[in-house]
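Chemist: Pasting in a structure now, in structure tokens, and then I'll have a few things to ask.
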Amino acid sequence: MEEVPARARAYVVAVVLLALLCLLPLPVTRTPWWALALLAVLYAACEHVVRRRFGGPFYPVLLTGAFLLPPPAAALVPLPAALFSPVSPLGQRSAGVRRLWRAAQPALAVWGAAQVHWALGGRDAVVASDFPFALLPAGGAVLAFCLVLTALDGGIRAAALGIPLRRAWRGLLSRALAPVAVHGLAGLMMAVLWRSPYGPVAALLVLLPMCVSWWVFAQYHRERAAHRATIRALVQAVDIKDGYTRGHSERVGRASAMIARELGMDDERVEVLRFAGILHDVGKLGVPTRLLRKEGPLTPEERRIIELHPEHGHEMVRGISFLDEARAAILHHHERLDGSGYPYGLAGAQIPECARVVAVADAFDAMTSTRSYRRARPVEAAVSELERCAGAQFDPRMVTALVHALRRCGWHPAVTADEPSYGTAPKEQIPGTGTPR
């Protein structure tokens with residue numbers, strides 16, 4: 001792992017000093033040391049198991065500390081887990097800085113949560129098991145915990161990567177709030193049981209369903225990672241076979257997702273459209289390499305063979321259940337609104353919506369990418385060509401969505417061939433757009 005930049009080191013030192021300031025009242029604070037020690041050991045054990053087996057943070061024990069302990073004492077709960085956690089061999093050079101960060105960040109977050117909880121009268125509500133009133137200070141504490149975590153996370157990202165703070169903070173709070181709220185509810189249940197006649201042993205039982213749910217969550221993410229690995233393998237195989245369009249699939253996936261977002265599709269469908277764009281040409285694996293790399297015009301017979309690649313692609317991904325709607329886009333992305341496309345000559349609304357999205361993304365990237373047989377068109381020229389062909393070849397709604405997305409997000413064309421050589425004969429092109437097959 002690369003050395004931690006000097007700016008990031010300075011930021012970590014500042015956060016550590018701030019955490020130490022939070023601990024200053026500890027000598028004069030009435031602290032239940034046995035409860036602090038038990039929570040610290042329990043948190044260290046949970047961190048070791050959860051991070052090693054499932055990945056990701058596990059906050060219920062930390063928030064239990066915020067609900068049970070005075071703020072300076074609650075800030076000590078994460079220290080043993082951070083200071084004695086193993087560090088990857090790749091990070092040995094900066095192990096000290098990383099351990100300090102892992103200690104100081106959660107310490108400040110749990111301190112802030114404890115301050116808010118105690119200020120709102122949460123301690124008395126926990127002791128008296130006063131529901132639903134106990135939910136109000138607990139909710140304030142969870143919000144404070146999230147705010148501190150995301151503020152510090154954004155700061156370290158800005159310091160380490162050199163990006164603007166606004167960009168570094170974007171989306172952090174919204175992504176963290178829901179899972180931390182669930183952890184906070186579990187932490188509140190632990191705190192109430194801890195203060196009940198049944199004691200800490202009953203509180204530990206709360207962790208069992210949390211661990212089960214965390215395992216299910218981790219399995220879901222592992223499955224998603226396996227999906228991405230499957231797609232990467234297929235795309236790499238296509239890129240190796242057809243070097244003329246290397247990188248094209250990833251960009252078509254990105255453009256398809258831009259169009260889908262502009263159309264107001266939900267996140268799940270946006271992801272499906274991204275997969276569809278990435279895999280739209282996977283059927284080229286079933287086309288002879290000599291045809292994909294042929295530098296002269298194709299014969300009618302060769303063109304018919306090339307035009308089978310959507311059907312090849314559809315068959316290849318038929319057994320991959322998570323692709324779902326993407327299969328239709330792979331099969332129909334060369335259909336045209338006027339019915340003159342292939343493989344089935346569908347027209348208008350007969351063409352699945354996802355295929356109409358990918359068709360526009362595919363043509364746009366083909367026109368704006370430099371290939372070994374011709375130079376790229378400027379983005380403005382490609383957009384003009386898409387608008388000219390809208391209604392006959394492309395769905396005007398998809399073209400308009402892409403134009404709006406480009407105005408907001410921009411586009412960065414890229415060279416996709418290894419060694420451009422503009423003197424070679426062009427490949428046969430799709431009628432209307434001048435884009436390759």
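The values are calculated or read from the model by the stated rules, or taken from the named source; none is laboratory data. On a predicted model such as this, the values are computed, not experimentally measured, just so you know. Positions of Cβ are generated from backbone atoms using ideal geometry, with glycine treated the same way; all protein chains shown enter the neighbour counts. In case anyone asks, the SASA skips ligands and DNA or RNA and just uses the protein heavy atoms, side chains included. Shrake-Rupley method; radii C 1.70, N 1.55, O 1.52, S 1.80 Å.
Chemist: Could you please tell me the mean projected area of the C-alpha convex hull for region 244-312, averaged over all directions and given in square nanometres to one decimal?
Modeler: Averaged projected area of region 244-312's Cα convex hull equals 5.3 nm².
Chemist: Between the helical axis of 267-279 and the dominant principal axis of the chain, each derived from Cα atoms, what acute angle in degrees is found, rounded to the nearest 10?
Modeler: Compared with the principal axis, the helix lies near 40 degrees.
Chemist: What's the whole-number percent of alpha carbon pairs in region 51-210 lying beyond 23 angstrom?
Modeler: 40
Chemist: Moving to a separate point now. Ranked highest first by average number of other Cβ atoms within 10 Å, how do 25-35, 142-152, 191-201 line up?
Modeler: 142-152, 191-201, 25-35
Chemist: With the crude spin-label approximation of a point 7 Å out along Cα→Cβ, what separation in nm comes out for residue 48 versus residue 129?
Modeler: Inter-label distance under the simple model: 3.3 nm.
Chemist: Multiply the residue gap between residue 387 and residue 321 by 0.36 nm, knock off their C-alpha separation, and tell me the result in nm, one decimal place.
Modeler: In short, 20.3 nm is gained.
Chemist: Another question, if that's okay. Taking square-rooted eigenvalues a ≥ b ≥ c of the alpha carbon gyration tensor, is region 122-236 rounded, prolate or oblate, where a/c under 1.5 means rounded and, failing that, a/b exceeding b/c means prolate?
Modeler: oblate
Chemist: Compute the long axis of helix 172-195 from its Cα atoms, compare it with the longest principal axis of the Cα atoms of the chain, and write down the angle in degrees, 0 to 90, nearest 10.
Modeler: Approximately 30 degrees, to the nearest ten.
Chemist: When the accessible area of the chain is computed with all protein chains present and a 1.4 Å probe, what percentage of it is carbon and sulfur?
Modeler: Result for the chain: 62 percent of the exposed heavy-atom area is carbon or sulfur.
Chemist: Express the Stokes-Einstein translational diffusion coefficient of region 232-370 in µm² s⁻¹, to the nearest whole number, given a Kirkwood radius over alpha-carbon pairs, 10 °C and a viscosity of 1.306 mPa s.
Modeler: So the translational diffusion coefficient is about 106 µm²/s.
Chemist: While we're looking at this one, here's another question. Which whole-Hz ³J(HN,Hα) couplings does region 230-239 yield from phi under the Karplus relation 6.51 cos²θ - 1.76 cosθ + 1.60, θ = phi - 60°, glycine and proline marked x?
Modeler: Values, residue by residue: 4, 5, 4, 5, 5, 5, 4, 4, 5, 4 Hz.
Chemist: Still on this model: Need one number: the % of Cα-Cα pairs in the chain sitting beyond the 31 Å mark.
Modeler: Roughly 54 percent, rounded to a whole number.
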